[in-house]
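The values are calculated or read from the model by the stated rules, or taken from the named source; none is laboratory data. The structure presented is a predicted model; accordingly, all values stated were derived computationally and were not measured. Note: ideal-geometry Cβ built from the backbone for every residue, glycine included; neighbour counts use all protein chains shown. For the accessible areas, the whole protein counts, side chains as well, though only heavy atoms, and no ligand, DNA or RNA atoms are used. Shrake-Rupley method; radii C 1.70, N 1.55, O 1.52, S 1.80 Å.
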Amino acid sequence: MAKIVGGINVTHVPYIGRAIANKLQQDPYWKPFFDGFPPVRQWLAKVKPDIAVVIYNDHGLNFFLDKMPTFAIGAAAEYNNADEGWGIPTLPPYQGDVDLSWHMIDSLIEEEFDMVTCQEMLVDHAFTIPLELFWPGQHPCPVRTVPICVNTVQFPLPKPARCFKFGQAIGRAIESWDSDARVVVIGTGGLSHQLDGQRAGFINKEFDLMFMEKLISDPLWVTRYSIPDLVELTGTQGVELINWLTARGALLGEVAKVHANYHVPISNTASGLLCMEAV
Amino acid sequence: MITGKQKRVIPGTTMFDGDVARKGYALNKMCFSFNSAENRAAYLEDKEAYCDRYGLNEQQKKAALSLQVLDMLAAGGNAYYLAKLGGIFGLDMQDVGAQQTGMTKEAFKAKLVEAGK
């Protein structure tokens, strides 16, 4: 059966893409952020995943309000990135794994997570930037991918408790796949930030740090919050941290921290990075 | 079970729910079209005609043409889509944040740095 080697959660601020393109990794503004990644890359080199299941939210590249799925999954042989409108470079296509996608669709729907399935799917910065951070400059990306998109745009969003259960079902789907593949689960977005309204610029370091700690030791702690609670505590876009919670759920059981980094600000966002493996 | 329409009130914050999504559909649809470079160029060529083509109402049109983010939000705009309109004019998130909070960009950036301490 396929093996989950661990999980990595990370921020996906679009301007990271521009910083990479402009080689600003050692710039004083960016250095505290980029310095978080070498230990994660070393870990990836050690655990050697073949496939990345990437849990993220689309920002209006593939999905619009005309059709807004709560949970969607890619089932394509290849995923294209495309112009998002504000000038970060478009990256080359990513290889999919259609067999795993369809196995996951079967397993998730059997477990009553009624997925929207996408045989064509554009992937935006929330998918591409994390892969670019973990495997810098490697085109094509050395892992095959399965994108899973969670609605964080139009409320009501899936409840944190539901996201955690969704993540557990994702974990069981991967682990029941008849394959010797090694799979890393990636959750992207957050941490606290709010782009819109008079509360723009809101950041909650205390909550973010607690969240990162609890995700390791007691992920059910997060599931006690409602979506409006999370908006209040982390901002209108900070709520993207439900993708982190989903990825944590997929790790099934106890985990240990491999590496973590937290830095404020990257653009208007509290940036976070948390790499975990099963114990 | 949903028993009523009680909404959480968080000062300075709008949750983009069904009411807002309905109200802002035309404005957001226009912003979504700006994924295409051709559409961005068409907007710059004749902004009012472009707004009309997407059926923006007067409030939405006025807000979009003025680039006032709080007005666009009041007209049902969603931050993720509005960013594509802002991008046409080279506005970054600190410009947008400063505008909405009535601060200078430098003061807004300093506030973000302070939040990390």
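Side notes on the structure shown:
- Value at 222 nm in deg cm²/dmol, rounded to 500, when DSSP H runs of n ≥ 4 in chain A each add -39,500 (n - 2.57): -9500 deg cm²/dmol
- In region A:196-226, comparing the full protein assembly with the chain on its own, the residues that lose 10 Å² or more of accessible surface at a 1.4 Å probe are A:D196, A:G197, A:Q198, A:R199, A:A200, A:G201, A:I203, A:K205.
- Using the Stokes-Einstein relation with a Kirkwood hydrodynamic radius computed over Cα pairs, the translational diffusion coefficient of region B:18-90 at 4 °C and a viscosity of 1.567 mPa s comes to 110 µm²/s.
- Theoretical ellipticity at 222 nm over chain B - DSSP helices of four or more residues, -39500 (n - 2.57) apiece, nearest 500: -18000 deg cm²/dmol
- Accessible area in square angstrom per residue, region A:3-255, 1.4 angstrom probe: 36 Å²
- Of all accessible heavy-atom area on region A:3-255, the percent that carbon and sulfur account for (1.4 Å): 50 percent
- Solvent-accessible area of A:Y15, all protein chains in place: 40 Å² (probe radius 1.4 Å, heavy atoms, ligands and nucleic acids excluded).
- Within chain A, longest stretch free of exposed GluC sites (Glu not before Pro) [DSSP loop, at most 12 other beta carbons within 10 Å]: A:121-253
- Most to least accessible of A:Y79, A:Y225 (protein chains only, probe 1.4 Å): A:Y225, A:Y79
- Sorting A:L122, A:L251 by accessible area puts them as A:L122, A:L251; the probe is 1.4 Å, largest comes first, and only protein heavy atoms count.
- Across A:D27, A:D99, the residue with the most accessible area heads the list, and the full order at a 1.4 Å probe is A:D99, A:D27.
- For region A:3-255, the share of DSSP beta bridges that are antiparallel, to the nearest 5, is 20%.
- Counts of other chain beta carbons within 10 angstrom of each beta carbon in peptide B:105-117 average 4.
- Candidate lysines - alpha carbon under 26 Å from A:K257, same-chain residues fewer than 8 apart omitted: A:K3, A:K31, A:K46, A:K48, A:K159, A:K165, A:K205, A:K214, B:K117
- Considering only B:A64, B:A41, B:A83, the Gaussian network model of chain B with Cα springs below 10 Å gives its largest mean-square fluctuation to B:A41.
- Per residue of B:12-25, other chain Cβ atoms within 10 Å of the residue Cβ number 5 on average.
- Over region A:1-110, volume per residue of the alpha carbon convex hull, in Å³: 141 Å³
- Taken about its Cα centre, region A:3-255 carries a charge dipole of roughly 680 debye when the Cβ of each Lys and Arg holds +1 and the Cβ of each Asp and Glu holds -1.
- From phi via Karplus (6.51, -1.76, 1.60), per-residue ³J(HN,Hα) for region B:56-72 in Hz, x at Gly/Pro: 5, 7, 4, 4, 5, 5, 4, 5, 5, 5, 7, 6, 8, 5, 4, 5, 5
- Exposed-site-free run, longest, chain A (rule: trypsin sites (Lys or Arg not before Pro); DSSP loop; at most 11 other C-beta within 10 Å): A:24-223
- For A:T145, the shell of other residues with beta-carbons less than 11 Å away shows a net charge of -2, using +1 for Lys and Arg and -1 for Asp and Glu.
- Nonlocal amide H pairs with A:V258, under 5 Å, H built at 1.01 Å: A:C275, A:M276, A:E277
- Mean projection area, nm², convex hull over Cα of the protein assembly as shown: 18.3 nm²
- With a 10 Å cut-off around each Cβ of B:83-90, the average count of Cβ atoms from other chains is 4.
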